[in-house]
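The values are calculated or read from the model by the stated rules, or taken from the named source; none is laboratory data. Note that this is a predicted model, so its numbers are computed, not measured. Don't worry about glycine lacking a Cβ; one is built from the backbone with ideal geometry, like all the others, and counts go over all protein chains shown. Heavy atoms of the whole protein, side chains included, go into the accessibility calculation; ligands, DNA and RNA do not. Shrake-Rupley method; radii C 1.70, N 1.55, O 1.52, S 1.80 Å.
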Amino acid sequence: MSDSPLSLASALHAPVLQWYAVNARTLPWREPDAGAWAVMVSEFMLQQTPVARVLPAYEVWMRRWPKPGDLAAEPPGEAVRAWDRLGYPRRALRLHAAAKAIVELHGGEVPSDHAALLALPGVGTYTAAAIASFAFGQRHAVVDTNVRRVFARALTGVAQPTISPTAADQRLAVAALPSDPTVAARWAVATMELGALVCTARVPRCTQCPISTQCAWILAGSPPYDGPPRKGQTYEGTDRQVRGRLLAVLRAATGPVPKKSLDACWPEEIQRERALDGLVADGLVEPLPRNRYQLPH
DNA sequence: GAGCCGTGGGG
DNA sequence: TCCCCAAGGCT
């Protein structure tokens, strides 16, 4: 290509930002008065769970726990219960632990400092940058799967990003960031939205894309993906499925559950016991005397 | 760093 | 139908 990825990136700022101004979805955590806690809760829930499934649980959650201290005051099991069927329930546990840390270390307010965010349970590179950028308007590279895909196509010229995030992704995202913090924050959410709505994984809607005429992948003739095969994630018959069933029983129950009820979830004893032990080890389930179990207190 | 961790919807 | 995959983090 004649242009470097970096000079190309700066040429994408205006069209992407204009596209976002018109096409951004209205989402509760994006409302001007939403606040950092709303952003944080949404980011936890959106880790590997689609927006459409997050919305109902998010509304219930924020109504019940409008501030970190409200959540921190309840037992962790209530967070697991309210997590409902979003999946990966350890995120609920981590969000609860993060709320407690916010109360103990930050006076009950979500910190704006990137390093302080990163130190919270369940907050990794992506989530720390997302909260700092979306909630506080700071200049950070917010690199999620959407952004990695947009940059892979528009800047690198390949059909799909690498299977797992790389340092090169991070460097590219940092280099592509507009210099002004407010604009950078807008750019971060706009590139994510573009990946979510237009530059999608399966069938990208290139006819609706604001940068299709500059996209390195399209200019290269839209070459197909030629990287290593992506490992399909199996689920049927795995411990994850068993854990899900066990936890569903405990979420539905109002109090302690006899082990007999859990045994009914899964026929194979070895796997069932292993899954239950794993849930206890993770702190998602609390064993009680007399062979009973409940969500953690 | 590869593997593990849920769940459900759309193509 | 079946398969892919969806705003990751942790060990």
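What helices (runs of 4 or more DSSP H), lying completely within the range A:115-230, carry at least 2 residues that are within 19 Å of A:His13 (Cα to Cα) and within 16 Å of DNA strand B (Cβ to nearest atom)?
Result: A:145-151, A:167-176, A:181-197.
Against the conditions (1) acidic (Asp, Glu); (2) within 16 Å of DNA strand B (Cβ to nearest atom); (3) in a helix (DSSP H, G or I), where does A:Glu104 fall short? Just the number, please.
(2)
When the residues of the range A:70-100 are narrowed to those that are among the acidic types (Asp, Glu) and farther than 12 Å from A:His297 by Cα, which ends up farthest from DNA strand C (Cβ to nearest atom)?
Checking each candidate, the answer is A:Asp70.
Among the residues of the range A:65-91 satisfying the criterion of being more than 20 Å from A:Ala101 (Cα to Cα) and of a type in the set (Lys, Arg), which is least open to solvent (accessible area, probe 1.4 Å)?
A:Arg81
Results for (1) over 19 Å from the mean Cα position of the chain (by Cα); (2) open to solvent by less than 10 Å² (accessible area, probe 1.4 Å), shown as yes or no for each residue.
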| site | (1), (2) |
| --- | --- |
| A:Ala129 | no, yes |
| A:Ala132 | no, yes |
| A:Phe136 | no, no |
| A:Asn146 | no, no |
| A:Arg171 | yes, no |
| A:Ala176 | yes, yes |
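Could you list, in sequence order, the residues of the range A:19-51 that are of a type in the set (A, V, I, L, M, F, W, C), assigned to a helix (DSSP H, G or I) and more than 10 Å from DNA strand C (Cβ to nearest atom)?
A:Trp19, A:Ala21, A:Val22, A:Ala36, A:Trp37, A:Ala38, A:Met40, A:Val41
For the range A:1-30, what are the residues that are among the aliphatic types (A, V, I, L, M), open to solvent by 50 Å² or more (accessible area, probe 1.4 Å) and touching a helix residue (DSSP H, G or I) at 6+ places or on another chain (Cβ under 7 Å)?
A:Met1, A:Leu6
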